[in-house]
Amino acid sequence: MPGLLVTIPLTVISFSFAMIIAILTAMVQVANVPVLRKLARFYIWVIRGTPLLVQLYVVFFGLPSVGIRVDAFPAAVIVFSINEGAYCAETMRAAIESVPAGQMEAGYCVGMNYVQIMTRIVLPQAFRTAFPPLFNSLIGMVKDTSLAANITVAEMFFAAQRIAGRTYQFMTLYLELAFIYLMFSTVLTRVQAWGEKRLNSYGGNKI
Amino acid sequence: MAMLEVHDLYKRFEQTEVLKGVSLSVDKGDVVAVLGPSGGGKTTLLRCINFLEKADSGTLVFDGVTHDLSSITRAEIASIRLRTGFVFQNYNLFRNKTALQNVTEGLIIARKMEKKEAEARGMRLLEKVGMADRASHYPSQLSGGQQQRVAIARALSADPQIIYFDEPTSALDPELIGEVLSVMRSLAEEGMTMIVVTHEMEFAKNVSSRSIFMENGVIVEEGDSASFFSNPKYDRTREFLQMEENRTGI
Ligand SMILES: Nc1ncnc2c1ncn2[C@@H]1O[C@H](COP(=O)(O)OP(=O)(O)OP(=O)(O)O)[C@@H](O)[C@H]1O
Ligand SMILES: [Mg+2]
């Protein structure tokens, strides 16, 4: 299936950017950075409040009318990164806030500064808490990438539609496509289970 | 010369005035027990002098240098914190670090000590609190008493001039209190300067050199522990000590 070679990079690249956006967006809120905090809330409000498909159309079909032309694949990467970033930001923020304030205070008391405590104590614990929901988002995103077919990105769904259009074997093709997505999710679920086990190396689930 | 002085410390949380002009002075080698009923401001006092809480006003003289608590700079705070240790009621060990890493983290990260050197020092401190055999355990794998002993080792790691203890045994099961108190007692014997908020009357009476009774945001009475316990000046102190005695059934 040729679309695989698009779906995989689209997912991997977009999710990586999404994670960076998520951490930054969560951090400015947790650290209470004056203007950026408001900006972060606004970003999350807009992105979570509008359909992904509409966001794809705005970037791919809308932007050219104001003179900004983006190719289909980069347009999809931009939209998926920004969209997923908003959801993951909320996951990260909740996870960071779930780390007790005492961890931060203990860090201060041994002479560490905010950034040192964040990176070495708080974020590692937050990642552990955020890991399952983030994986959930990732699995969701694999399937959402099929929406990119709407803006002519030749990922799996797009490829399947094409072939179906030629061969009229709708049932077989779409079932086959569904199966491939299922395999994807299955592999990711396995990776998640493996990852959770590794993260449990802090001596049990009691955290 | 006093190693630590606090003058006219005021702190309020919204409506409630929690500290109403607290002053105290601690000499090198003093073990000061802070006693008093719940809500009297003992924790807030310790938190203010280690800057976990921002005081509204007051001065702190630490190691000969005077600081205005309401306008103290980040750099001053950092420099004082490098010379103090803090032991929390609920331990607050770093949950993603082993016992040894809890002790070495501040040394390596804040003090830029060589990892090897920090680990050697960390092991010595864990030995001192009787936790060397649990060096690679995570906090979740330790009992409360063991966690608190690691926390004491962590507070000692910086070779502090003073250690603040906020009810270090209050969260512990009764059978685990003794092991923590005995570590604190040996620190006192070595001449470590400490301020200990506690409900352990035996500890206050027998180990601390001075005792303070605090209520409603003010220090009601203070004195050397011997006379504080045998002959308190104020009725209120007497009442409190009587009540504590009845509570612990001595
Ligand atoms: N962060 C806070 N926000 C609002 N009020 C607070 C805060 N921390 C403490 N207080 C209030 O300040 C008062 C003193 O609290 P503090 O914890 O210092 O008392 P304490 O003497 O340590 O009591 P305990 O023996 O129960 O530990 C209490 O009335 C408490 O409700
Ligand atoms: Mg308290």
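The values are calculated or read from the model by the stated rules, or taken from the named source; none is laboratory data. Keep in mind it's a predicted model, so treat the numbers as computed, not measured. For neighbour counting, all protein chains shown are included, and Cβ atoms are generated from backbone atoms with ideal geometry for every residue, glycine included. Side chains included, ligands, DNA and RNA excluded: accessible areas come from the protein's heavy atoms. Shrake-Rupley method; radii C 1.70, N 1.55, O 1.52, S 1.80 Å.
Brief remarks follow.
- Loss of accessible area when B meets A, both sides summed, Å² nearest 100, probe 1.4 Å: 2100 Å²
- Every helix of 4 or more DSSP H residues in the protein assembly as shown counts as -39500 (n - 2.57), and over all residues that averages to -17000 deg cm²/dmol at 222 nm.
- Surface share of carbon and sulfur [accessible, 1.4 angstrom probe, percent] for region B:12-81: 48 percent
- Near the amide H of B:Val87, within less than 5 Å, lie the amide hydrogens of B:Tyr164, B:Phe165, B:Asp166, all on another chain or at least 5 residues away, with H placed in the peptide plane.
- For chain A: Kirkwood Rh in Å [reciprocal of mean 1/r, alpha carbons]: 19.0 Å
- Shape of region B:115-250 from the C-alpha gyration tensor: prolate (a/c of 1.5 or more and a/b above b/c, with a ≥ b ≥ c the square roots of its eigenvalues).
- The magnitude of the dipole of region A:4-206, with charges of +1 and -1 set on the Cβ of Lys/Arg and Asp/Glu and taken from the Cα centre, is near 200 debye.
- Stokes-Einstein diffusion for region B:125-192 at 37 °C, viscosity 0.692 mPa s, with a Kirkwood radius from C-alpha pairs, works out to 268 µm²/s.
- Built from the Cα atoms of chain B, the convex hull projects on average onto 13.6 nm², one quarter of its surface area.
- The rule of thumb for compact globular proteins, 2.2 N^0.38 Å, goes into the C-alpha radius of gyration of region A:134-182 1.21 times.
- Probe 1.4 Å, accessible area per residue of region A:4-206, Å²: 52 Å²
- Seen from every direction in turn and averaged, the convex hull around the alpha carbons of the protein assembly as shown projects onto 28.1 nm².
- Taking Cα centre as origin and charging only the Cβ of basic (Lys, Arg, +1) and acidic (Asp, Glu, -1) residues, the dipole magnitude of chain B rounds to 840 debye.
- Cα long-axis angle, helix B:235-248 against chain B (0 to 90 degrees, to the nearest 10): 50 degrees
- Reduction of at least 10 Å² in accessible surface, 1.4 Å probe, comparing all protein chains with the chain by itself, residues of region A:80-120: A:Pro100, A:Gly102, A:Gln103, A:Glu105, A:Ala106, A:Tyr108, A:Cys109, A:Val110, A:Gly111, A:Met112, A:Gln116, A:Arg120
- Global size of region B:62-166 as Cα Rg and Dmax, reported in angstrom: 14.4, 44
- Region B:1-86: C-alpha gyration tensor shape, a/c 1.5 cut-off, then a/b vs b/c: oblate
- Rounded to the nearest 20, the Cβ-based charge dipole of the protein assembly as shown about its Cα centre (Lys and Arg +1, Asp and Glu -1) stands at 1820 debye.
- Listed residue (A:Thr172, A:Val70, A:Leu24) projecting farthest to the positive dipole end of chain A, Cβ model: A:Leu24
- Solvent-accessible area assigned to carbon and sulfur over region A:4-206 amounts to 68 percent, based on a 1.4 Å probe.
- Residue-wise HN-Hα couplings along region B:185-194, as the Karplus relation 6.51 cos²θ - 1.76 cosθ + 1.60 with θ = phi - 60° gives them from phi, are 5, 5, 4, 4, 5, 6, x, 5, 7, 9 Hz; Gly and Pro carry x.
- Angle between chain B longest axis and helix B:144-156 axis [Cα atoms, degrees, rounded to 10]: 90 degrees
- Relative to the longest principal axis of the Cα atoms of chain A, the long axis of helix A:170-199 makes an angle of roughly 20 degrees.
- Choice from A:Thr119, A:Thr152, A:Thr91 showing the highest fluctuation, given a GNM over chain A with Cα pairs closer than 10 Å: A:Thr119
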